[in-house]
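A.B. asks: Below you'll find the structure I mean.
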Amino acid sequence: MPATYYLCRMLGKLTGWEDTIVALATPPGIGAIGVIRVSGPASFDIVNQLFIAKDLREQPSHTLHVGLLKDGEEQLDEVVVSLFRGPRSYTGEDVIEISCHGSPYVQQRVIQALTLHGARLARAGEFTQRAFLNGKLDLTQAEAVADLIASNTAASARTALHTIRGGFSQALRELRERLISFSALIELELDFSQEDVEFADRTHLYRLIQEAEGFTSSLLASFSLGNVIRNGVSVAIVGKPNAGKSTLLNTLLNENRAIVSEIAGTTRDTIEEILNIDGIIFRLIDTAGIREHTSDIIEQIGVGRSLEKMEQADIVVYLFDVRDDAAAVAFVRGELLAKGKPFLLVGNKVDIIGVDAARVLFPQELLISAKTSGHIDVFRQRLVDQVLQGKAAPEGTIVTNARHYHSLKQVAGALATIHKGLDELLPGDLLALDIRHCLHYLGEITGEITTEDRLDYIFSKFCIGK
């Protein structure tokens, strides 16, 4: 049970966590049904005042009941109420979910009636925050709830669900428990310092630290992929005017999103669209053609924005016409390599001169025809390869949260300090201190060591009703 749980219970009414809260748990707007969630010690008493079909206080947990909700003489709606008695509920408290009709007026009227009978409106993330405080979730699992709600690909949903189910937490918890065991044995030695006894096997501790360093290193390495899974990848499509950038964007999206013409400089501003390839979100940015000399003021502004987007992008796709000079393309390759940014150099319009002729001129470049969709599947795969860098996405834990990443870096530093201490044969009291530092950073990740301010910040980013 998190230490903050006991603190919050002591604070009681000052924190507001002893109140009964209510919020709409489904998206606002017109729909078939809306679900209103109530959680807290007075949930059954409050809802029972409105539900006239039967006494909900006498009904067993995990049951459904159909009936009318009435506020005085006013009939609010015919609803289905789902009963969950604590601690066997999402928040660990008594919870009732009211499934009413999806009219915004009806939903608001039901919530208003509940607040008049003793509930208060929930703050953002307060239901999940209560689940954490009541020991139903640790902090990594609670944060993964928000990630799952916000997921927009199979990969991001799978990663969040793995964390919610405790995959990440369990590994950290096992490491923490083993370190606690060693720390206790080392500190026990201090009580018998005059006896010159050794309870903690330094060889086993050394092996544990090595395993922990490898585990932490793999988690830190997964963050780059996790960041891609969570936030997507920005791809700037750049090149000279009339290279076919807008045609390529339209082909990838399978729609006429950008205006295409034979007139150079048709695209004056950047156009951004989303493309999902193999569970990875790519934010494609079609830019104005880059040329050094133009008298058109609007085009000059567009070229400036293109260069800016190129600098900001995660991947640069430089599109050139296969009829361009090979030496000029080689010069572009050198400039892109000098920038140190991942890039794809792509030759377009092979439908005009033929693939074989284009391959002679550009033997190492990716060749496509945006107009006829030639080799577009290969282009898509190259984009994915640029992200994965030849490594398949792991099936286990992937770090997607920046807070977890920074705490893991501190864990890695603490483990390195312990490792160095073992190499230098430090005395037990100093080793125990280094282990405590490592335990502190591990506890920060799962929420076993945290502060009320940090919790408020984390859960304030959740949606209302969750």
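A.B. asks: Kindly list the number of the only condition in (1) surrounded by 14 or more Cβ atoms within 10 Å (Cβ to Cβ); (2) over 30 Å from residue 446 (Cβ atoms); (3) in contact with a helix residue (DSSP H, G or I) (Cβ under 7 Å, 6 or more places away or on another chain) that fails for residue 351.
C.D. replies: In the conditions (1) surrounded by 14 or more Cβ atoms within 10 Å (Cβ to Cβ); (2) over 30 Å from residue 446 (Cβ atoms); (3) in contact with a helix residue (DSSP H, G or I) (Cβ under 7 Å, 6 or more places away or on another chain), residue 351 misses (3) alone.
A.B. asks: Let me ask something else. Which residue pairs have Cβ atoms closer than 9 Å, lie 6 or more positions apart in sequence or on different chains, and pair a first residue in the range 310-331 that is under 21 Å from residue 274 (Cβ atoms) with a second residue that is buried (at least 22 other Cβ atoms within 10 Å of the Cβ) and basic (Lys, Arg)?
C.D. replies: Close Cβ pairs satisfying both conditions: 317/245; 319/245.
A.B. asks: Has the range 116-128 got at least one residue that is of a type in the set (A, V, I, L, M), outside any helix (DSSP H, G or I), out of contact with any helix residue (DSSP H, G or I) (no Cβ under 8 Å at 6 or more places or on another chain) and in the same structural domain as residue 24 (by TED's automatic domain parsing)?
C.D. replies: Checked the range 116-128: at least one residue is of a type in the set (A, V, I, L, M), outside any helix (DSSP H, G or I), out of contact with any helix residue (DSSP H, G or I) (no Cβ under 8 Å at 6 or more places or on another chain) and in the same structural domain as residue 24 (by TED's automatic domain parsing).
A.B. asks: Is the range 352-359 home to any residue that is in contact (Cβ under 8 Å) with a residue 12 or more places away in the chain and not aliphatic (A, V, I, L, M)?
C.D. replies: no
A.B. asks: How many residues does the range 307-334 hold that are more than 27 Å from the chain's Cα centre (by Cα) and assigned to a helix (DSSP H, G or I)? Explain how you work it out, then say what you get.
C.D. replies: Taking the range 307-334 as the starting set, the residues that turn out to be more than 27 Å from the chain's Cα centre (by Cα) are 307, 318-334.
When the remaining residues are screened for being assigned to a helix (DSSP H, G or I), the result is 307, 326-334.
Count: 10.
A.B. asks: Considering only residues that are modelled with pLDDT under 65 and either within 19 Å of residue 210 (Cα to Cα) or part of a helix (DSSP H, G or I) (or both), which ones fall in the range 412-455?
C.D. replies: Residues satisfying the conditions are 452, 453, 454, 455.
A.B. asks: Then there is this: Kindly establish whether residue 234 is out of contact with any Leu (no Cβ under 6 Å at 6 or more places or on another chain), modelled with pLDDT of 75 or more, small (Gly, Ala, Ser) and outside the structural domain of residue 378 (by TED's automatic domain parsing). Don't jump to the end; show me each part of the working.
C.D. replies: Working: out of contact with any Leu (no Cβ under 6 Å at 6 or more places or on another chain): yes; modelled with pLDDT of 75 or more: yes; small (Gly, Ala, Ser): yes; outside the structural domain of residue 378 (by TED's automatic domain parsing): yes.
Yes.
A.B. asks: Okay, next question. Looking at the range 83-124 only, could you name the residues that are among the hydroxyl-bearing types (Ser, Thr, Tyr) and either over 19 Å from residue 50 (Cβ atoms) or surrounded by fewer than 17 Cβ atoms within 10 Å (Cβ to Cβ) (or both)?
C.D. replies: Here is the first cut: in the range 83-124, the residues among the hydroxyl-bearing types (Ser, Thr, Tyr) are 89-91, 99, 103, 105, 115.
Selection gives 89, 90, 91, 103, 105, 115.
A.B. asks: Any idea which of 82, 89, 103 is more than 31 Å from the chain's Cα centre (by Cα) and of a type in the set (S, T, N, Q)? Walk me through it before giving the result.
C.D. replies: Details: 82 fails: more than 31 Å from the chain's Cα centre (by Cα); 89 fails: more than 31 Å from the chain's Cα centre (by Cα).
Residue meeting the stated conditions: 103.
A.B. asks: Residues being more than 12 Å from residue 118 (Cα to Cα), modelled with pLDDT of 95 or more and of a type in the set (Gly, Ala, Ser): count how many of those fall in the range 40-65.
C.D. replies: The total comes to 1.
A.B. asks: When you check residue 337 against the structure, is it aliphatic (A, V, I, L, M), outside any loop (DSSP other than H, G, I, E, B) and buried (at least 19 other Cβ atoms within 10 Å of the Cβ), yes or no?
C.D. replies: Numbers: aliphatic (A, V, I, L, M): yes; outside any loop (DSSP other than H, G, I, E, B): yes; buried (at least 19 other Cβ atoms within 10 Å of the Cβ): no.
So residue 337 does not fit the description; no.
For (1) within 24 Å of residue 131 (Cβ to Cβ); (2) assigned by TED's automatic domain parsing to the domain that holds residue 38; (3) in contact (Cβ under 8 Å) with a residue 60 or more places away in the chain, each residue gets a yes or a no:
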residue: 55; (1), (2), (3): no, yes, no
residue: 67; (1), (2), (3): no, yes, no
residue: 71; (1), (2), (3): no, yes, no
residue: 75; (1), (2), (3): no, yes, no
residue: 78; (1), (2), (3): no, yes, no
residue: 93; (1), (2), (3): yes, yes, no
residue: 101; (1), (2), (3): no, yes, yes
residue: 107; (1), (2), (3): yes, yes, yes
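A.B. asks: When you look at residue 409, is it among the charged types (D, E, K, R) and more than 30 Å from residue 175 (Cβ to Cβ), yes or no? Outline the logic, then answer.
C.D. replies: Values: among the charged types (D, E, K, R): yes; more than 30 Å from residue 175 (Cβ to Cβ): no.
So residue 409 does not fit the description; no.
A.B. asks: Give me a count of the residues in the range 213-238 that are closer than 17 Å to residue 386 by Cβ and buried (at least 18 other Cβ atoms within 10 Å of the Cβ).
C.D. replies: The qualifying residues number 11.
A.B. asks: If you don't mind, there's one more thing I want to ask. For the range 125-179, how many residues meet the condition of being surrounded by 16 or more Cβ atoms within 10 Å (Cβ to Cβ) and closer than 14 Å to residue 91 by Cα?
C.D. replies: Qualifying residue count, the range 125-179: 17.
A.B. asks: Show the residue pairs meeting these rules: Cβ distance below 6 Å; 6+ apart or different chains; first residue within the range 9-34 and under 18 Å from residue 120 (Cα atoms); second residue exposed (fewer than 13 other Cβ atoms within 10 Å of the Cβ) and at pLDDT below 90.
C.D. replies: Correct list of pairs: 18/12.
A.B. asks: Determine whether residue 321 is farther than 22 Å from residue 284 by Cα and among the charged types (D, E, K, R). If you could, list the steps in order and put the result at the bottom.
C.D. replies: On the way: farther than 22 Å from residue 284 by Cα: no; among the charged types (D, E, K, R): yes.
So residue 321 fails the test.
The values are calculated or read from the model by the stated rules, or taken from the named source; none is laboratory data. Owing to the predicted nature of the structure, the values given are computational and were not obtained by experimental measurement. Cβ atoms come from the backbone with ideal geometry, glycine included; neighbour counts cover every protein chain shown.
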